[in-house]
Amino acid sequence: MSMIIDRRLNDRNKNATNRARFIRRYKSQLKRSVADVVAERSITDMGRGGEVGIPVKDISEPKFRIGQGGDREMVHPGNHSFSPGDRIAKPQGGGGGGGEGEGGDGQGEGGEGQDNFMFTLSKEEFMNLFFDDLELPRLARNVLGDAKQFTFRRAGYTPSGVPSNLSVRRSLQNAMARKIALAAPLKRELRELEESGADPQEIQDLKDRIDRIPFLDEYDLRFRHKVKEPKPISRAVMFCLMDVSASMSEQKKDLAKRFFTLLYLFLNRKYEHVELVFIRHTSNAEEVDEHAFFHDPQTGGTVVMSALNLAEDIIKDRYAPDQWNIYGAQVSDGDAFGSDPQRSAAKLRDDILPHCRYYAYVEVPDNASSITPLGAAYSQIHSENFAVAKVMGRRDVYPVLRELFQREAA
């Protein structure tokens with residue numbers, strides 16, 4: 001039996017097989033570590049991979065070593081503090097405390113710490129771990145846009161090219177046609193000379209001339225020709241709508257950022273090109289960049305209708321539904337003035353949702369059991385491309401995303 005071992009080095013001198021085995025074995029620990037990097041990056045930088053830490057105790061394996069054999073009898077000095085079966089605690093303070101973990105001083109309560117094994121994930125590995133078993137509801141890639149990628153298409157034959165593209169059949173057809181065309185008048189002349197009883201030497205010269213016609217000439221060669229043509233790609237736009245009134249605290253904005261980040265990463269995994277549109281609103285709405293969207297302080301009341309009107313105008317001006325896959329994500333604490341919740345719900349149902357592949361409303365209320373005006377109005381919208389969810393803390397963001405995007409797959 002013969003065995004072939006591929007010892008070629010992969011990127012960064014790491015073996016791909018061992019790397020895949022490590023990720024598969026410690027998948028649950030890696031997924032927990034990956035979930036902690038959301039707050040440290042901007043939305044568009046989230047999917048670039050990076051280092052994650054795994055507790056050393058989680059990857060430790062049992063070891064066998066040779067010890068002394070046979071029966072041994074030992075005498076230890078007695079003490080006044082311990083009895084047989086007592087567990088000896090670790091020393092307090094710096095006398096024997098654990099190692100340092102990432103992002104801390106290495107000492108928790110009682111001077112104990114935790115060593116971390118650092119592992120670098122590529123972008124693709126990061127995304128695979130983060131969205132391991134999720135699917136995008138109403139995923140439609142039939143709307144194509146920019147010509148960004150290219151593909152090769154057959155475009156007949158050309159008299160020049162590389163040997164690997166040589167078309168033997170077409171070249172032989174050309175050779176046969178050329179030989180027939182050149183030999184036909186000579187054969188006709190030869191037949192006339194033979195019938196008239198001409199000089200045998202003249203007849204032989206004519207036969208030699210016919211035989212000298214080459215069977216295959218460079219002129220006959222034909223090569224398969226391929227042309228490079230643009231390939232349309234599927235593209236999507238993600239609208240991020242957020243209430244930035246005084247009632248939206250920094251903690252609530254942090255939850256909103258986490259949800260928007262996860263949704264962007266997920267869409268970027270399903271579409272070749274994804275654009276972001278940030279719309280913030282108090283009593284008025286405006287389109288801003290990412291930094292202003294999350295960090296610039298604003299004051300005022302809450303009018304959701306202004307944000308929906310601005311989103312509708314942007315869709316009409318820049319993102320035609322027949323050319324873009326449109327997704328929407330709205331985050332609010334649920335507070336709104338007067339009749340604005342009912343009017344906003346009607347606007348969303350009649351004018352926004354018909355153009356969207358999917359629209360998610362995430363509420364970050366002060367109390368999980370409270371019913372907010374906007375949440376009550378939105379809950380009356382019944383559409384297969386619309387979902388409502390509540391988030392109370394950081395740990396709720398990812399489960400909510402799983403709930404939203406596992407619905408169709410289940």
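Given the options PHE215, PHE260, GLN201, identify the residue whose Cα lies farthest towards the positive end of the charge dipole of segment 198-277 (+1 on Cβ of Lys, Arg; -1 on Cβ of Asp, Glu).
Towards the positive end, the residue furthest out is PHE260.
7 Å from Cα along Cα→Cβ at both ALA246 and GLU286: what's the point-to-point distance in nm?
That separation, rounded to one decimal, is 1.9 nm.
Please state, to two decimals, what the Cα-based radius of gyration of segment 170-301 comes to when divided by 2.2 N^0.38 Å (N = residues).
2.85
Residues with amide H under 5 Å of PHE386's amide H, sequence separation 5 or more or different chain, H placed in the peptide plane at 1.01 Å from N; which?
TYR359
Which whole-number value in Å² is the accessible area per residue of segment 202-276, probe 1.4 Å?
That works out to 46 Å² per residue.
To the nearest 20 Debye, how big is the dipole of segment 251-410 about its Cα centre, given +1 on the beta carbon of each Lys and Arg and -1 on that of each Asp and Glu?
My answer is approximately 540 debye.
Please give the peptides 373-381, 321-329, 195-203, 177-185 ranked by average Cβ packing (other Cβ atoms within 10 Å per residue), highest first, as a rough proxy for protection.
The densest-packed peptide leads the list: 321-329, 373-381, 177-185, 195-203.
Can you give me the long-range amide H partners of GLU275? Hydrogens built in the peptide plane at 1.01 Å from N, cutoff under 5 Å, separation of 5 or more residues or another chain.
Amide H to amide H, under 5 Å and 5 or more residues apart or across chains, GLU275 pairs with ALA236, VAL237, MET238.
Beyond a 31 Å Cα-Cα separation, which of these cross-linked pairs lie in this structure: LYS347/LYS390; LYS253/LYS316; LYS123/LYS316?
Flagged as over cut-off: LYS123/LYS316.
Please say if segment 310-410 is rounded, prolate or oblate, where rounded means a/c under 1.5 for a ≥ b ≥ c the square roots of the C-alpha gyration tensor eigenvalues, and otherwise the choice is prolate for a/b larger than b/c and oblate otherwise?
Note, shape of segment 310-410 comes out oblate.
How high is the FRET efficiency from PHE64 to ARG25, r the C-beta distance, R0 22 Å, rounded to 0.05?
The pair PHE64/ARG25 has a calculated efficiency of 0.65.
Non-local amide H neighbours of TYR157 (under 5 Å, H modeled in plane, Pro and chain starts lacking H): which ones?
Answer set, sorted by chain and number: HIS225.
The values are calculated or read from the model by the stated rules, or taken from the named source; none is laboratory data. Here the structure is a predicted model, which is why all the values come from computation and not from measurement. Cβ sites come from the backbone with ideal geometry, for glycine too, and all protein chains shown count toward neighbours. Keep in mind that these areas ignore ligands, DNA and RNA; they rest on the heavy atoms of the full protein, side chains included. Shrake-Rupley method; radii C 1.70, N 1.55, O 1.52, S 1.80 Å.
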